[in-house]
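Peer 1: Okay, handing you the structure first.
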Amino acid sequence: MKLQEYHAKTLLREQGLPVPDYAVADEPALVRDAAQRFIDAGASSVVVKAQVLVGGRGKAGGVKLATTAGKAAEAAAGILGMDIKGSVVRRVLVAPAADIVHEYYLACVLDRSARRVLFMGSAEGGVEIETVAAEKPDAITYVHAHPHMGLLDYQARLLGFELGLRDDMSEFMAIAKGLYATMIANDADLVEINPLAIVRASDPATGERVERLECLDAKITIDDSGLPRHPQLELMRDLDEEDPVDIAAREQGLSFIRLDGTIGCMVNGAGLAMTTMDLIKRAGGEPANFLDIGGGAKADKVEAAMRLILADPSVRAILVNIFGGIARGDEVAHGLVEARRAQERHVPMVVRIVGTNADEAARILAEAGDTDVQTAATLDDAVEKAVAAAGHAPPAARDGSPTPPAVARA
Ligand code: GDP
Ligand code: MN
């Protein structure tokens, strides 16, 4: 789950990282009030930033500086409602504008293959890191944190030196370690600060001009599998920016991932679902989704799963592959029959149900008398029928002659 910048900044602050003050608003009048508060407190200008889950907001015109509260409200009026790479701006962040001396890039990500947290730093911050990686790969420094003890002092220092930091080294080390702490505390798989900036500020005590490091932007993604441990993070989910299909799947407790093929899959168990997809591909077809309806799936879940599959207009056939253990075949069959009755769009369906109450399931499906439903005894048979029903040409025939796609009928 991706977090909006203002939520990510909340998490950074919880770990004691230096983040400038900010407010969030969804209308220009509120932006004006917030900007006025910052200006009254001494800011010479404010920054207004679009809150959308895509990068490159600055380039797209979603980050604007303003010297008065009125101009901030005007900037907000322009940014709110703007479409940035397909995301509509519904909220903006308002903050005292930083007087930037230099922009760095600092991030940590979960490096699954190394089984460690990987730090990436660059003195070429502010621009998208993909651009730096493509054009100046040497400008990025990589350091793996210790698997148990996190980012060690010498590692943080090494990273800081590579970035060219000297005077701000101890601050930098605290920030790098804070990123790690943020990652661990929230089960995040990415914590990215771009830019981490050296800014000029006046010391509140002496009024003297000082330079310090600040996190001016923040991007955090949370490992979805860790979310159940963090109900307070679940509240940060931005439903406006999620695919309705993903929202529906989560509400039903279904693991659903949309793909670009034509054969909808309904399977119980993640391993069986992946095997089913592999077999579909081997038989010359393309799966339209990954879907694990879970163990002990009841009729209502089956119906919900069917709705998700059929919401995808490219689905031309459905393959149901259920291994009845805790899940009962008859329950699933009832769910399938009900779901097909309720549907407006009918596509051919191939059903393989084995295990608990499989005979009962076959009887229920036969009695329903739906001519677009075929049953199959083996998985190979089921996959072949589904691929044919979706109108895919089977893999190159052995004699080299093209075989026309069969139209499957019960
Ligand atoms: P992104 O483009 O979506 O990554 O949004 P950022 O928050 O990183 O902002 C993009 C750029 O706007 C930054 O790299 C800065 O150059 C500039 N920017 C952001 N905040 C401030 C600020 O407070 N003061 C100044 N002067 N520039 C800022
Ligand atoms: Mn940024």
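Peer 1: In the range 188-247, which residues are within 16 Å of ligand 2 (Cβ to nearest atom), more than 26 Å from VAL88 (Cβ to Cβ) and either in contact with an Asp or Glu (Cβ under 9 Å, 6 or more places away or on another chain) or assigned to a loop (DSSP other than H, G, I, E, B) (or both)?
Peer 2: Those that are within 16 Å of ligand 2 (Cβ to nearest atom), more than 26 Å from VAL88 (Cβ to Cβ) and either in contact with an Asp or Glu (Cβ under 9 Å, 6 or more places away or on another chain) or assigned to a loop (DSSP other than H, G, I, E, B) (or both): LEU196, ALA197, ILE198, VAL199, LEU213.
Peer 1: So ALA43 fits all but one of (1) open to solvent by less than 50 Å² (accessible area, probe 1.4 Å); (2) on the phi > 0 side of the Ramachandran plot; (3) free of Cβ contacts under 8 Å to residues at least 60 places away in the same chain; what number is the exception?
Peer 2: Of (1) open to solvent by less than 50 Å² (accessible area, probe 1.4 Å); (2) on the phi > 0 side of the Ramachandran plot; (3) free of Cβ contacts under 8 Å to residues at least 60 places away in the same chain, only one is false for ALA43: (2).
Peer 1: Those residues that are under 22 Å from ASN194 (Cβ atoms) and of a type in the set (Gly, Ala, Ser), I need them from the range 44-65; list them, please.
Peer 2: Of the range 44-65, the ones under 22 Å from ASN194 (Cβ atoms) are 45-65.
The answer is SER45, ALA50, GLY55, GLY56, GLY58, ALA60, GLY61, GLY62.
Peer 1: Hey, among ARG282, ARG307, which residue is open to solvent by 30 Å² or more (accessible area, probe 1.4 Å) and closer than 21 Å to ARG250 by Cβ? Can you show your working first?
Peer 2: Details: ARG282 fails: closer than 21 Å to ARG250 by Cβ.
The unique qualifying residue is ARG307.
Peer 1: Something else about it: Which of the strands (runs of 3 or more DSSP E) found entirely inside the range 21-136 contain at least 1 residues meeting this: over 25 Å from ALA174 (Cα atoms)?
Peer 2: Output list reads 23-25, 46-50, 63-66, 92-96.
Peer 1: I want to confirm something. Restricting to the range 80-97 and keeping residues that are more than 10 Å from VAL47 (Cβ to Cβ) and touching a residue at least 40 places away in the same chain (Cβ under 8 Å), which single residue is most open to solvent (accessible area, probe 1.4 Å)? Please lay out each step first, then the result.
Peer 2: Of all residues in the range 80-97, those more than 10 Å from VAL47 (Cβ to Cβ) come to 80-91.
With the extra rule that they be touching a residue at least 40 places away in the same chain (Cβ under 8 Å), the set shrinks to 80, 87-88, 90-91.
Working: LEU80: 33, SER87: 17, VAL88: 61, ARG90: 102, ARG91: 60 Å².
So, considering only residues that are more than 10 Å from VAL47 (Cβ to Cβ) and touching a residue at least 40 places away in the same chain (Cβ under 8 Å), the one most open to solvent (accessible area, probe 1.4 Å) is ARG90.
Peer 1: Further question: Filtering the range 146-178 down to residues that are under 30 Å from LEU235 (Cα atoms) and touching a helix residue (DSSP H, G or I) at 6+ places or on another chain (Cβ under 8 Å), which residue is surrounded by the most Cβ atoms within 10 Å (Cβ to Cβ)?
Peer 2: The residue in question is ALA176.
Peer 1: So is ALA77 away from ligand 2 (no atom under 15 Å from the Cβ), in contact (Cβ under 8 Å) with a residue 40 or more places away in the chain, open to solvent by less than 20 Å² (accessible area, probe 1.4 Å) and in contact with a helix residue (DSSP H, G or I) (Cβ under 7 Å, 6 or more places away or on another chain) or not?
Peer 2: Considered against the rule, which asks whether it is away from ligand 2 (no atom under 15 Å from the Cβ), in contact (Cβ under 8 Å) with a residue 40 or more places away in the chain, open to solvent by less than 20 Å² (accessible area, probe 1.4 Å) and in contact with a helix residue (DSSP H, G or I) (Cβ under 7 Å, 6 or more places away or on another chain), ALA77 comes out as no.
Peer 1: Find the residue count for the range 356-392, including only residues that are without any contact (Cβ under 8 Å) to a residue 24 or more places away in the chain, within 36 Å of the chain's Cα centre (by Cα) and farther than 21 Å from GLY284 by Cβ.
Peer 2: Number satisfying all stated conditions: 0.
Peer 1: Can you tell me which residue is farthest from HIS146 (Cα to Cα) among those in the range 115-130 that are open to solvent by 60 Å² or more (accessible area, probe 1.4 Å) and either β-branched (Val, Ile, Thr) or more than 15 Å from ligand 1 (Cβ to nearest atom) (or both)? I'd like the intermediate steps shown before the answer.
Peer 2: Initial filter on the range 115-130 (open to solvent by 60 Å² or more (accessible area, probe 1.4 Å)): 115-116, 124, 127-128, 130.
Those left that are additionally either β-branched (Val, Ile, Thr) or more than 15 Å from ligand 1 (Cβ to nearest atom) (or both): 115-116, 127.
On the way: ARG115: 10, ARG116: 7, VAL127: 28 Å.
Step by step, filter the range 115-130, then rank; the result is VAL127.
Peer 1: I would also like to ask the following. Tell me, yes or no, whether the range 200-215 has at least one residue that is among the hydrophobic types (A, V, I, L, M, F, W, C), within 15 Å of LEU106 (Cβ to Cβ) and open to solvent by 10 Å² or more (accessible area, probe 1.4 Å).
Peer 2: no
Peer 1: Are any residues in the range 98-114 acidic (Asp, Glu) and either over 20 Å from VAL199 (Cβ atoms) or buried (at least 22 other Cβ atoms within 10 Å of the Cβ) (or both), and if so, which ones?
Peer 2: Passing the criteria: only ASP111.
Peer 1: Just one of the numbered conditions (1) within 27 Å of LYS85 (Cβ to Cβ); (2) hydroxyl-bearing (Ser, Thr, Tyr); (3) outside any helix (DSSP H, G or I) is not true of TYR6; which one?
Peer 2: Of everything listed in (1) within 27 Å of LYS85 (Cβ to Cβ); (2) hydroxyl-bearing (Ser, Thr, Tyr); (3) outside any helix (DSSP H, G or I), TYR6 misses just condition (3).
The values are calculated or read from the model by the stated rules, or taken from the named source; none is laboratory data. Only a predicted model underlies this, so the values are computations on that prediction, with no experimental measurement involved. Quick reminder, even Gly has a Cβ in these numbers, built from the backbone with ideal geometry, and neighbours come from all protein chains shown. Quick note on the areas: whole protein, heavy atoms, side chains included, nothing else; ligands and nucleic acids left out. Shrake-Rupley method; radii C 1.70, N 1.55, O 1.52, S 1.80 Å.
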